[in-house]
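See structure below.
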Amino acid sequence: MMSLVASLEPMSALSLNQYLIVSAALFVIGLIGFLSRRNMIVMFLCTELMFQGAALAMITFSRYHMDVSGQVFVIFILTVAAAEAALALGLVVLLFRRRPTLSTEAWMELKE
Amino acid sequence: MASESLYLITVLGAAGMYLVLARSSRPLQWTGIVFLVAAGVWLAKEGMTRLAPTTELEGEKPGVFFYIFATIALASAIRLVTHTRPVYCALYFVMVVLSSAGMFLLLAAEFMAFALVIIYAGAILITYLFVLMLAQQSPSSGQEESGGAEYDRIPREPLAATIVGFLLLAVLADMISGATSAAARPAVVERAASLVQMEQQAAQSEWDTLQRMRTNRATEAMWRDLERLPGRFREAVMSVEPDFNWPPIPDEDGRLIRIVDGEAFVLGPVEGEDSDQRIQLPYETGLYNVERVGVHLVGTYPVSLELAGVILLMAMFGAVVLARRQVELGEEETREAAGMRSLDVEHGDDTTSVEGGSA
């Protein structure tokens, strides 16, 4: 199942197009979710969805140009996403202890 | 190539998304789903027609598995965004991650597929579920339990979010199709002329020639990566010819592996003869995807690797600092938040109290 690089056929431009459209759609759905939900944890989940879209685009280009740098960069994206998730969830737990709700509307006075 | 159809897709998709997102009645939600499916299929077709592939290689569609994984990913993403209960959102995200990993496998990135499943579905999502369990709230008097909390059921500004999102999707799809369309393909007449002896067929477009060049460059890159692993390299050569006089002779650029027409060979000195010994490296000794990622991670991007470690260390410190912070909350409020009864023990004229004894 592991693929030798030399045995890969070049990826067609149409395939590239379709993969990139899926990646853009994932990103946009994450964006819509982030803008319209009010639960803090679901908002972070939508951020992770945007990361998925970007990662798919990078892997697609890595396959298209037969360069492994795209995949290496996705490892770093994963690292940053994991670090961000840990800190964000820690903050959410702290905020929840303050006011026992996960809604962002409870913190509206931070806006002014 | 007209762009109006892309913006019509935007309107259709946005209408569908809005109907699914906002808390409308059941038939309207199903209408929304139908709109979304129609918009998705139309978008895929539109990408194909705007691309206008001229040769067979350019127009090769991705296999049926891609469409299956893409449909599952997008459907799970939409369900994540519209579901009212946050635990189900996390589970739908696991679905997105798994189908994304499937797409990575189709793109020959096996290491990333496995890493995605292990890290996302195995670590990050578990953390999310733990925090969701920790942040459980008791149903207070003003809430309906049927659909979850009020701030989960009703989205905030769904119309604006949907319009903005789908407009962005239309612009991105326009750019993607435009960048890979026939008008954007460069004319590489001089490069094609130099590769004439490699191409046996007569009628190949320049785009296909570029594709072939990319494959050759990839093959070259693979053999160069093998060169960076001296143990593997030596093993590969010795398995072909055990009497080879190691090390091989470098060429004028200092490279040990020579590549002609995608085939790799090494030259070795033979005692007492003028000509060199030529060993063809077998195809199977090339590197697999996991090995290539490892070689490049440590060999080409070591600084980024160390910085990633530092970022993780900082995140760990931050999490420990955040977790240690004691937030004072009155005991009554804690009990109320957890849904427990308040602990008022009645004194005075309650003869059935717990302290029997001295009355």
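The values are calculated or read from the model by the stated rules, or taken from the named source; none is laboratory data. None of the values given here were measured: they were computed from a predicted structure. Heads up, the Cβs are rebuilt from the backbone with ideal geometry, glycines too, and the neighbour counts pull from every protein chain shown. In case anyone asks, the SASA skips ligands and DNA or RNA and just uses the protein heavy atoms, side chains included. Shrake-Rupley method; radii C 1.70, N 1.55, O 1.52, S 1.80 Å.
Averaged over residues, the count of other Cβ atoms within 10 Å places the peptides B:235-242, B:6-13 in the sequence B:6-13, B:235-242, highest first. Summed over the residues of chain A and divided among them, the accessible surface reaches 33 Å² per residue at a probe radius of 1.4 Å. Just checking the listed ones, A:LEU31, A:LEU102, A:LEU94: in the Gaussian network model of chain A with Cα springs under 10 Å, the one fluctuating most is A:LEU94. Accessible surface of B:TRP223, taken over heavy atoms with a 1.4 Å probe and every protein chain present, rounds to 10 Å². Taking all protein chains together and rolling a 1.4 Å probe, A:ASP67 ends up with roughly 70 Å² accessible. Given in Å, the Rg to one decimal and the Dmax to the nearest whole number for the Cα atoms of segment B:22-113 are 16.2, 49.
Computing FRET efficiency as 1/(1 + (r/R0)^6) for B:ARG255 and B:VAL290, where r is the C-beta to C-beta distance and R0 is 30 Å, gives about 0.80. Zone of B:LEU28 (label point 7 Å along Cα→Cβ, backbone N under 18 Å): which residues in segment B:74-100? The answer is B:82-84.
Rolled with a 1.4 Å probe across the full set of protein chains, the surface gives B:ASP174 an accessible area near 40 Å².
Just the C-alpha atoms of chain A: what Rg/Rh do they give, with Rh taken as the Kirkwood radius?
1.13
Remark: segment A:31-48, residue by residue, has Karplus-estimated 3J(HN,Hα) of 5, 4, x, 5, 6, 10, 8, 10, 8, 4, 5, 5, 5, 5, 4, 5, 4, 5 Hz, where x stands for each Gly or Pro and the curve is 6.51 cos²θ - 1.76 cosθ + 1.60 at θ = phi - 60°. For the residues B:MET316, A:MET108, A:MET50, a 1.4 Å probe over the protein chains yields an accessible-area ranking, largest first, of B:MET316, A:MET108, A:MET50.
For the pair A and B, the buried accessible area comes to roughly 8700 Å² in total, with a 1.4 Å probe and the value rounded to the nearest 100.
When all protein chains stay in place and ligands, DNA and RNA are ignored, the 1.4 Å accessible-area order of B:PHE265, B:PHE69, B:PHE130, A:PHE61, largest first, is B:PHE130, A:PHE61, B:PHE69, B:PHE265.
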